[in-house]
Each structure stands twice: as structure tokens, then as C-alpha cells.
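Accompanying notes for the structure given below.
The values are calculated or read from the model by the stated rules, or taken from the named source; none is laboratory data. Quick caveat, the model's predicted, so the values are computed rather than measured. In this analysis, Cβ positions are derived from the backbone assuming ideal geometry, glycine residues included, and neighbour counts consider all displayed protein chains.
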Amino acid sequence: MGNNGKEALMRKHSSALAKRTEPVERSITPVADIYETADAFVVKLDIPGATKDSISVSVEPGYLSAKGLVGPHHTEDANLLLGEIGRRSYFREFNLTEGINHKEVEAQFEDGVLTIRLPKTDEMKLKEIPIK
């Protein structure tokens, strides 16, 4: 596709769309679900387009943070005609209650969803009291 082909393709789109050829970088706060089980709190974050290697999770007393970066979907040598997707950086931070076992936190990423399991300390877990 030479220049004539590129110009023909660009004429098919509105001029407002055709003018944006530079990728845009956006910062996104991922949506979350948080639920509690008997032995842990679970945080699920939607981070579409990310890979396991582009995500980081950190836990410190009182805070949980998750970051992700999604790069452009084209290769460097590609001739970008329309760049609306661009780079996206995801960031979400949560305040944590006392009673989280920081050494046992687990994170898993599958199908665009980051799942963070925050185990409760023994003191925080629900204890059943036997009835005599």
C-alpha cells in the first residue's frame, strides 16, 4: 500500500479521526471487586491488555497498590495510521486493615483480571465457639 493507498484509507474516515496519528497515553483506575472469605480478603482488578510481566503488586503495612502498563499494540517499524489506543497505565491503591498476613499475600493474573489474595492473621479469622 503506497501513499495513494494510505490517503485513500484516511479519506474513508472522518477528518477528526484521521488527524490523530500520535499514540495517546492515558492513566486508568481499574474497577475492582473486593470480597471476604473466612480466611482472606480478595481483591479483583480489571486490567485488560496487560501481561503478567507488566503488572506489579506491593503490600506494606496499611497499603496495597497495583500497577500495570499496557504498551502500544503495533510494532516500532509499523506506519501508524490512527493511534487512539496508545499506552495505558493502570494504578489502584487501597488502605488495608490490621490483621493482614503480609508475608502470605498472593497475586495471580489471568484473562485480564488481577486477583490478589490477602490472608487474614489468626487473630482476624472468624473463630467458631463450640457450644457445650
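Can you find a residue in the stretch 42-55 that is surrounded by 14 or more Cβ atoms within 10 Å (Cβ to Cβ), aliphatic (A, V, I, L, M) and at pLDDT below 90? Talk me through it step by step, then tell me what you get.
Here is the first cut: in the stretch 42-55, the ones surrounded by 14 or more Cβ atoms within 10 Å (Cβ to Cβ) are 42-47, 49-50, 54-55.
With aliphatic (A, V, I, L, M) added as a condition, the list becomes 42-43, 45, 47, 50, 55.
Next cut, at pLDDT below 90 only: none.
Within the stretch 42-55, not a single residue is surrounded by 14 or more Cβ atoms within 10 Å (Cβ to Cβ), aliphatic (A, V, I, L, M) and at pLDDT below 90.
Scanning the stretch 78-99 for residues that are within 24 Å of TYR63 (Cβ to Cβ) and either of a type in the set (Gly, Ala, Ser) or loosely packed, with under 15 Cβ neighbours inside 10 Å (or both) turns up SER89, PHE91, GLU93, ASN95, THR97, GLU98, GLY99.
Restricting to the stretch 85-112, count the residues that are touching a Lys or Arg at 6+ places or on another chain (Cβ under 6 Å) and closer than 25 Å to SER27 by Cβ. Spell out how you get there, then give the answer.
Going residue by residue through the stretch 85-112, those that are touching a Lys or Arg at 6+ places or on another chain (Cβ under 6 Å) are 88, 91, 99, 106, 109.
Next, from what is left, pick out any that are closer than 25 Å to SER27 by Cβ: 88, 91, 109.
Selection size over the stretch 85-112: 3.
The set of residues in the stretch 62-92 that are under 19 Å from ALA40 (Cβ atoms) and either of a type in the set (D, E, K, R) or without any contact (Cβ under 8 Å) to a residue 24 or more places away in the chain (or both) contains only ARG92. When the stretch 106-126 is filtered for residues that are in contact with an Asp or Glu (Cβ under 9 Å, 6 or more places away or on another chain) and either without any contact (Cβ under 8 Å) to a residue 24 or more places away in the chain or in a strand (DSSP E or B) (or both), the ones remaining, listed by number, are VAL113, LEU114, THR115, ILE116, ARG117, LEU118, PRO119, LYS120, THR121. Every listed requirement among (1) over 30 Å from LYS127 (Cβ atoms); (2) modelled with pLDDT of 90 or more is met by GLU36 save one, (1). Against the numbered list (1) assigned to a loop (DSSP other than H, G, I, E, B); (2) under 30 Å from THR121 (Cβ atoms); (3) charged (D, E, K, R), GLU84 comes up short only at (2).
Kindly establish whether GLY68 is part of a strand (DSSP E or B) and surrounded by 10 or more Cβ atoms within 10 Å (Cβ to Cβ).
Numbers: part of a strand (DSSP E or B): yes; surrounded by 10 or more Cβ atoms within 10 Å (Cβ to Cβ): yes.
For GLY68, the condition - part of a strand (DSSP E or B) and surrounded by 10 or more Cβ atoms within 10 Å (Cβ to Cβ) - is met.
Checked against the criterion of being at pLDDT below 90, under 25 Å from SER56 (Cβ atoms) and of a type in the set (Val, Ile, Thr), the stretch 100-118 contains not a single residue that satisfies it.
Residues that are aliphatic (A, V, I, L, M) and within 23 Å of GLU98 (Cβ to Cβ) were ranked within the stretch 30-41; the one that is surrounded by the fewest Cβ atoms within 10 Å (Cβ to Cβ) is ALA38. Residues of the stretch 45-61 that are in contact (Cβ under 8 Å) with a residue 40 or more places away in the chain, of a type outside the set (Val, Ile, Thr) and within 20 Å of GLU104 (Cα to Cα): LEU45, LYS52, GLU60, PRO61.
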